[in-house]
Amino acid sequence: MTQRKLAAAIALILGVATSPLMAAVCKPNAATPFSASAPDAVNGFPRVIADSEGVSLVICNPLSDPGNVGGCFFDPVIPGNAFSEAIGFGAEGFWFLSEANFADPQGAGYNVLIVMGAEAAFAAENPAQGEQFPFTRLRVRIDAPVAGVYKLTHPYGSKEWVVTAPGRRAINDTADIQFFAAPNVVLEEGDVPARTNQGVVGPWLRWSTSEANGLQPGEQQAPAGFLGDGATPHTVVGSPCGTNYAELTVTDLVTGAEITRFRTDRFTVQGLMAPDAERITPLVIDNAYYSKNGSQVDLHVFTTAPTTASVNARAMDVTPTGEVEMVAGPLLTENTGRFYQSFRVSDVGNLPESVIVQASNLPISPARSQRLAVTDLVTIGTASASCAANTTNCTVNVTATSSDPDAQLTLDIGGGRTFNASAAAGASFTVTGLSGLPARVKVSSDRKGSASKPLTIN
């Protein structure tokens, strides 16, 4: 498959795959987490950042895309700054940048600028090793000719402002959130160093590619290997809410009556896709625990991965002759990025030691595997305390269960004070004569599960 066809295929797949999310009610801050790789050996920033769908980007500058940087904005190299000359840009470069600048069609003086990006900058605004400051940005600037309540709905959520002093840039709102690279370590085969970050943007917007995902007559496809050309306003896909537009609504401060409402669905977009071998498939094993009923043992696996991925799990046990696979199979999903499955792993009481989960996300990003130790699930039912009038004689009551009725549970109330009970019929702990109380209690199992809960004072 050629690079141009691959880019088109990725955009088409993602445009269709995000449609189940569109029906969901969007939170004001709906950006999804993204992954950052280990630092680049030269510039010290994360080499690759990948959104929740696995769309992986590198900083776009002459070094990352020799001879073809017309579609990317970056500060030019600072002459005489050896580090700037080595990395190929000045005070700032970008993995992702998208903007929309639009006004009300009646010409009443409403003007909106929204900037969304993932930026490589420096703490002292002077390129230098050790001063790297990568961050995501969501900036809104609005000229407000009248007082009112201004609400902007955008691809990553919405926000409201109350304007009592109209004027140019009456609204000037910038949210910057720093993010961090993964540690530069060697992991198990099938996994890559990737650190999950939460920003104010994500997934990355990218040009629409077909009528099915919003492409309008006369619009072009993105240049091969890019999210857009960086300059041409274009329809897009990528919003986790399905709001691939920016819309301003203004209402009266007193009556709440609508004064104006207008929108745009055209954004400039820049972003350079990472080489195939460096792309990251986001994968998080959110939980993996076993439950036991007599001699029957079930494994329950919960993961987060791209909506476009297929996810499989393998339950593993360790025997005297080595590691063996107990059971394997696919995880189920409703195209929300969350995957789940329960497996019967044993009818004779054998417990799994670990689970290996693999997410395959081709052609967007390569397969990726992770391993997690399997434990029982400890659940705390109640955690309460009551004290005498002088508060020097307090009683703590805690109830807890384990998904393994054969487990032994231990209550920890801090200060080296622990108490044991069996999980067979649900553990119940009563501790009396306390003159000081912990803010939280913790219950642990000899099968490695644990849980904590705030203490409620009766």
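Annotations
- Evaluation of residue 255 against (1) more than 22 Å from residue 113 (Cβ to Cβ); (2) part of a strand (DSSP E or B); (3) out of contact with any Ser or Thr (no Cβ under 6 Å at 6 or more places or on another chain) (one fails), failing number: (2)
- Residues being assigned to a strand (DSSP E or B), under 23 Å from residue 34 (Cβ atoms) and not small (Gly, Ala, Ser) - total across the range 310-338: 3
- The criterion of being within 30 Å of residue 257 (Cβ to Cβ), assigned by TED's automatic domain parsing to the domain that holds residue 236, part of a loop (DSSP other than H, G, I, E, B) and not aromatic (Phe, Trp, Tyr) holds for residue 108.
- Qualifying residues in the range 267-302 (those that are out of contact with any strand residue (DSSP E or B) (no Cβ under 6 Å at 6 or more places or on another chain) and buried (at least 17 other Cβ atoms within 10 Å of the Cβ)) - the one nearest to residue 341 (Cα to Cα): 292
- Candidate set from the range 303-319 (those that are farther than 19 Å from residue 374 by Cα and not hydrophobic (A, V, I, L, M, F, W, C)); member that is surrounded by the fewest Cβ atoms within 10 Å (Cβ to Cβ): 310
- Listing of strands (runs of 3 or more DSSP E) fully contained in the range 373-458 that carry 1 or more residues being of a type in the set (D, E, K, R): 408-412, 440-445, 450-454
- Test for residue 222: is it modelled with pLDDT under 95, among the aliphatic types (A, V, I, L, M) and part of a helix (DSSP H, G or I): no
- All conditions but one from (1) touching a strand residue (DSSP E or B) at 6+ places or on another chain (Cβ under 7 Å); (2) farther than 30 Å from residue 225 by Cα; (3) in contact (Cβ under 8 Å) with a residue 60 or more places away in the chain; (4) part of a strand (DSSP E or B) apply to residue 358; the one that does not is (2).
- With respect to the conditions (1) of a type in the set (Lys, Arg); (2) touching a residue at least 40 places away in the same chain (Cβ under 8 Å); (3) farther than 30 Å from residue 194 by Cα, residue 448 lacks only one, and its number is (3).
- Residue within the range 385-393 that is outside the structural domain of residue 345 (by TED's automatic domain parsing), of a type in the set (Val, Ile, Thr) and in contact with a Ser or Thr (Cβ under 9 Å, 6 or more places away or on another chain) present: yes
- Residue in the range 59-71 that is modelled with the lowest pLDDT, counting only those that are surrounded by fewer than 24 Cβ atoms within 10 Å (Cβ to Cβ) and hydrophobic (A, V, I, L, M, F, W, C): 69
- For residue 125, the stated conditions do not hold, so it cannot be described as without any contact (Cβ under 8 Å) to a residue 24 or more places away in the chain, among the charged types (D, E, K, R) and either farther than 19 Å from residue 100 by Cβ or touching a Gly at 6+ places or on another chain (Cβ under 7 Å) (or both).
- Residue within the range 364-376 that is surrounded by 15 or more Cβ atoms within 10 Å (Cβ to Cβ) and farther than 30 Å from residue 279 by Cβ present: yes
- Which numbered condition residue 268 misses (of (1) in contact (Cβ under 8 Å) with a residue 24 or more places away in the chain; (2) in a strand (DSSP E or B); (3) over 27 Å from residue 120 (Cβ atoms); (4) of a type outside the set (Gly, Ala, Ser)): (3)
- Condition met for residue 260 (closer than 25 Å to residue 163 by Cβ, part of a strand (DSSP E or B) and touching a residue at least 12 places away in the same chain (Cβ under 8 Å)): yes
- Flag for residue 80 being over 30 Å from residue 161 (Cα atoms), of a type in the set (Gly, Ala, Ser) and at pLDDT 95 or above: yes
The values are calculated or read from the model by the stated rules, or taken from the named source; none is laboratory data. Small disclaimer: the values here were computed from a predicted structure and weren't measured. A quick note on method: Cβ atoms are made from the backbone with ideal geometry, for glycine too, and the neighbour counts reach across all protein chains shown.
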